[in-house]
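Notes to accompany the following structure.
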Amino acid sequence: MILLSAISEMLSLDFMRNAFIAGFLVSIACGIMGSYVVVNRLAGLSGGIAHASYGGIGLACFFGFSPMFGALGFSLACALLMGWLTWKNRERADTLICVIWAFGMAMGVILTDLTPGYSGDLLSFLFGSILTVPASLLYWMGGLTLAILICTGIYFPQFLALSHDPEFARVRGIPVLRLYMLLITLITFTVVMAVQAVGLILVIALLTIPAYIAESHAKNLRNMMCIACAVSLALTLGGTAVAYFLNLTVGPVIILLGVALYVVNRLLTLRRR
């Protein structure tokens, strides 16, 4: 009874309902695209996209428009540049990603310093602010999630071929570079959404931990995506509720739960083997 009363009280608050809806959308996106990130070993590139997006936040603050649109536009431009450069020169991929990563972060800090009267909370961008997501932003998050679902459904066979054997896919006539750029675009959408939940610093963990857990139980990529979505949903909604009751920052709570679940899953997997 006490638990049901607490849940009812929590759901009676508008900002908590918005947080749960945002968490649901982020979880679906992270479960699907996180599986591609893990299978294609794109965790480093995803981290670069996340941190470079702070340049877009700085631009938005300086010119006075929505931080999410700034982050989406700037991070997409950086992501496509990273994707093209790393595709052409895979030996230098890590260096190129780090350069663009550092440029975006530095530019974001400088622009926020130059913004007259700027009083934004840097920690909300670094560690997430899912409890402050407005209802208007949920429509954009829903649109991005829908775009991810549609593109994944249409191009799933091609993405599967690209993930497992890009050379064979090229021989079969699949436009691998264009597909790679589309995949990076969808990862960028997911990263910008996930920043709302866990922030720039922790976003890569939400993209990869559910997918890593799912990989140890899945029989194929489609199955891996479904398991990753379920794990991500449990972590996001559970972490949000725990953070609310304990009055803690939501992003780190979600990630700590994820790390704990990953360790437990790893120990059980090793014991089973």
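Couple of notes before you dig in:
- Under the condition of being touching a residue at least 40 places away in the same chain (Cβ under 8 Å), open to solvent by 10 Å² or more (accessible area, probe 1.4 Å) and assigned to a helix (DSSP H, G or I), the residues counted in the stretch 214-223 number 3.
- Criterion (surrounded by 18 or more Cβ atoms within 10 Å (Cβ to Cβ) and farther than 25 Å from SER75 by Cα) met by exactly one of VAL253, VAL203, VAL198, VAL259: VAL253
- Cβ-Cβ contacts under 6 Å between residues 6 or more apart (or on different chains), taken from a first residue in the stretch 1-23 that is closer than 18 Å to GLY142 by Cα and among the polar types (S, T, N, Q) to a second residue that is surrounded by fewer than 13 Cβ atoms within 10 Å (Cβ to Cβ) and at pLDDT 70 or above, are listed as ASN18/ALA135.
- Check on ILE130, at pLDDT below 85 and of a type outside the set (Ser, Thr, Tyr): yes
- Residue among SER75, SER53 that alone is under 22 Å from ILE254 (Cα atoms), buried (at least 21 other Cβ atoms within 10 Å of the Cβ) and not hydrophobic (A, V, I, L, M, F, W, C): SER53
- Checking each residue in the stretch 234-250 for being among the polar types (S, T, N, Q) and open to solvent by 20 Å² or more (accessible area, probe 1.4 Å) picks out ASN247, THR249.
- For the stretch 141-194, the tally of residues that are assigned to a helix (DSSP H, G or I), at pLDDT below 85 and surrounded by 15 or more Cβ atoms within 10 Å (Cβ to Cβ) stands at 2.
- All positions within the stretch 111-126 that are open to solvent by 90 Å² or more (accessible area, probe 1.4 Å), modelled with pLDDT of 80 or more and either not in a helix (DSSP H, G or I) or not acidic (Asp, Glu) (or both): LEU114
- Note on the stretch 26-85: among residues that are of a type in the set (Phe, Trp, Tyr) and assigned to a helix (DSSP H, G or I), the one that is nearest to the chain's Cα centre (by Cα) is TYR36.
The values are calculated or read from the model by the stated rules, or taken from the named source; none is laboratory data. Computed from a prediction, not measured in an experiment: that's the story for all the values here. Cβ: placed from backbone, ideal geometry, glycine included. Neighbour counts: every protein chain shown. When the accessible area is computed, the model is the full protein with side chains, heavy atoms only, and any ligands, DNA or RNA have been set aside. Shrake-Rupley method; radii C 1.70, N 1.55, O 1.52, S 1.80 Å.
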